[in-house]
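The values are calculated or read from the model by the stated rules, or taken from the named source; none is laboratory data. Please read all numbers here as calculations on a predicted model, not as lab measurements. Cβ coordinates were reconstructed from backbone atoms using ideal geometry, including for glycine residues, and neighbour counts include every protein chain displayed. The protein model used for the area step is the full one, side chains on, heavy atoms only, and it has no ligands, DNA or RNA in it. Shrake-Rupley method; radii C 1.70, N 1.55, O 1.52, S 1.80 Å.
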Amino acid sequence: MNNNEPIKQSTVSNSLVDVLETVLDKGVVIAGDIQINIADVELLTIKIRLLVASVDKAKEIGMDWWETDPHYSSKGQRIEEIKEENDQLHDRIQQLEEHLGEKAETES
């Protein structure tokens with residue numbers, strides 16, 4: 001190898017990095033529908049929506065489902081536990097109110 005030769009650098013990888021950086025920075029939405037019909041009767045419709053973006057960009061546009069999904073986050077698991085406790089408390093309050101209503105009716 002001759003030391004006087006210039007170092008060759010691939011422009012393809014640079015372009016790919018630039019495209020990936022732009023996609024993650026701005027985001028890309030891919031949408032499509034698949035329909036299966038037989039004799040003009042719709043049997044199945046599948047709606048496909050795909051968003052490719054960085055986590056920061058997704059949060060910026062209001063998408064942060066992975067933070068509260070119990071399958072992906074311990075925070076999400078705690079939220080599910082709190083929801084269950086909340087439902088149990090609502091049921092208990094309703095039972096107590098019904099009991100108090102019944103008691104008030106019998107006393108009058």
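Observations
- In this structure Ile38 has an accessible area near 100 Å², from a 1.4 Å probe over the protein heavy atoms.
- For the range 12-107, accessible area per residue (1.4 Å probe, heavy atoms of protein chains only), Å²: 87 Å²
- Nearest 10 degrees, 0 to 90: helix 74-107 Cα axis against the chain principal axis: 20 degrees
- List Lys75, Lys47, ordered by accessible area with a 1.4 Å probe, largest first: Lys47, Lys75
- For the range 51-108, chymotrypsin sites (Phe, Trp or Tyr not before Pro) are listed when DSSP marks them as loop and at most 14 other Cβ atoms sit within 10 Å of their Cβ; the list is Tyr72.
- Pairs of Lys in the chain closer than 29 Å at Cα, counting only those 8 or more apart or on different chains: 11
- Scattering profile of the range 12-107 at q = 0.25 Å⁻¹ [log10 I(q)/I(0), Debye over alpha-carbon scatterers]: -1.16
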